[in-house]
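Asks: Structure below; questions to follow.
The values are calculated or read from the model by the stated rules, or taken from the named source; none is laboratory data. This structure is a prediction, so every number in the text was calculated from the model and none was measured. Note that we place each Cβ from the backbone using ideal geometry, even for glycine, and neighbour counts take in every protein chain shown.
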Amino acid sequence: MGAMSNRLSGPLYPIPGSNALVDDVYHPLSAIVQNSVGVPRICYNEREAGLEIEKKNHFVFAPHITAIDFQYSSVKRGPESARFISEAMKANNTVTFLDLTTMHIESEGARFISEVLKVNNTLTCLNLDSNSIGAEGARFISDALKVNNTLTLLNLTSNKIGSEGAKFIAEALQVNRTLTSLGLGSRAGYQSRSPNDIGAEGARFIAEALKANNTLTSLDLGNSKIGAQGAIYICEALKVNGTLTSLNLASKWLSTLNSFLQLTASATRALEWSVKH
């Protein structure tokens with residue numbers, strides 16, 4: 001049992017000082033930055049960033065900044081701001097960490113951000129948590145991931161992508177060779193205003209991608225309504241996948257005894273197989 005426990009090692013995004021698998025208010029990308037050896041300089045507002053906002057809302061990021069968190073800034077929310085940010089990112093070669101949590105960029109904003117991912121070669125961490133990009137936005141991001149070769153962490157938590165959006169992301173996972181951490185779950189409780197709800201069908205798409213992908217090490221599907229069947233799809237994929245080490249399937253929709261037993265049996269079979277082979 002001890003050998004099998006090393007196959008999946010805790011939560012997708014470790015919280016400093018905590019071993020919790022799911023936390024309603026955790027900030028995954030910030031946690032990773034805090035745990036990193038070379039902590040980038042993070043700015044949380046325009047003044048700290050040296051961000052210039054001209055009459056036409058043209059953004060210019062200060063060259064010394066390597067990480068930007070717009071979550072608590074006074075920048076106007078919406079797709080239009082995503083356009084200004086994307087234009088700034090296209091001309092930037094220092095920012096490696098970009099957090100657009102709750103910027104309400106929607107699918108149109110996701111299109112602007114996807115254009116950045118196609119040409120920018122310095123961004124490694126992107127947080128699009130709670131932006132309601134939907135399935136269409138997931139398609140834009142998927143297209144970008146197919147050609148991007150620098151992004152290693154992508155958080156799409158709570159974006160209403162559904163099973164169709166999960167299919168698009170799965171297609172990208174088939175060819176992308178740099179992404180190591182992916183968040184496709186949903187915020188728990190009252191914070192989940194736009195759950196992904198990929199369902200068992202979406203989980204099946206992701207599972208098929210895991211069979212071909214050999215770079216992803218962390219995957220979060222928590223609270224995405226994949227159910228027992230979806231969890232079984234993922235666990236069966238572990239028999240083929242040899243790189244995933246961190247997996248979050250925590251969900252209030254897997255609370256029945258029957259679902260728990262099904263998931264446990266499938267996970268045990270998958271983990272035993274991966275250890276023996």
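Asks: What are the residues in region 64-85 that are crowded, with 21+ Cβ neighbours inside 10 Å and modelled with pLDDT of 85 or more, if any?
Replies: Residues satisfying the conditions are 81, 82, 85.
Asks: Now, a different point. Test residue 130 against the stated conditions and say whether it is crowded, with 22+ Cβ neighbours inside 10 Å and in contact with a helix residue (DSSP H, G or I) (Cβ under 9 Å, 6 or more places away or on another chain).
Replies: Spelling it out, residue 130 is indeed crowded, with 22+ Cβ neighbours inside 10 Å and in contact with a helix residue (DSSP H, G or I) (Cβ under 9 Å, 6 or more places away or on another chain).
Asks: Please work out which residue is modelled with the highest pLDDT, limiting yourself to region 87-105 and to residues that are buried (at least 21 other Cβ atoms within 10 Å of the Cβ) and within 23 Å of residue 187 (Cβ to Cβ).
Replies: Among those residues, the one meeting the criterion is 105.
Rundown of residues vs (1) outside any helix (DSSP H, G or I); (2) of a type outside the set (Val, Ile, Thr); (3) without any contact (Cβ under 8 Å) to a residue 60 or more places away in the chain, yes/no style:
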{"residue": "81", "(1), (2), (3)": "no, yes, yes"}
{"residue": "86", "(1), (2), (3)": "no, yes, yes"}
{"residue": "109", "(1), (2), (3)": "no, yes, yes"}
{"residue": "122", "(1), (2), (3)": "yes, no, yes"}
{"residue": "132", "(1), (2), (3)": "yes, yes, no"}
